[in-house]
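Presented below is the structure to which this report refers.
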Amino acid sequence: MMPLSCRRCGTAVLVKKNSLAQTSVQWNGDSSGCPVFAERRASEPGAPAVIPTCPQLRDSIEDAVRSGLLPVPAP
Ligand SMILES: [Zn+2]
């Protein structure tokens, strides 16, 4: 797994690509530091506490894949 942090909130996670379409994200601690998560919790009280990624973090992951930082196993 590769350490990566969200461009917007700086929340650190561990990321691993299982395939082009499948990404494993492991939070280092809790996700309360991310404003996207906080917003979502406020607007959707019934939403699950665990959300795999915030959109900015997803972008950061895509960038890492594009730049070759995050290896994607061949199918
Ligand atoms: Zn974030």
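The values are calculated or read from the model by the stated rules, or taken from the named source; none is laboratory data. Here the structure is a predicted model, which means the values were calculated and not measured. Counting neighbours? That spans all protein chains shown, and the Cβs are built from the backbone with ideal geometry, glycine included. Accessible surface areas use protein heavy atoms only, side chains included; no ligands, DNA or RNA. Shrake-Rupley method; radii C 1.70, N 1.55, O 1.52, S 1.80 Å.
Here are some conditions: (1) modelled with pLDDT under 75; (2) open to solvent by 50 Å² or more (accessible area, probe 1.4 Å); (3) within 13 Å of the ligand (Cβ to nearest atom); (4) not charged (D, E, K, R). Residue 29 meets all but one. Which one does it not meet?
So the condition that residue 29 fails would be (3).
Within the stretch 41-75, how many residues turn out to be more than 11 Å from the ligand (Cβ to nearest atom) and either in contact with a His (Cβ under 9 Å, 6 or more places away or on another chain) or modelled with pLDDT under 75 (or both)?
Number satisfying all stated conditions: 9.
So which residues in the stretch 10-26 are part of a strand (DSSP E or B) and open to solvent by less than 50 Å² (accessible area, probe 1.4 Å)?
Hits for the stretch 10-26 are 12, 13, 14, 15, 17, 24, 25.
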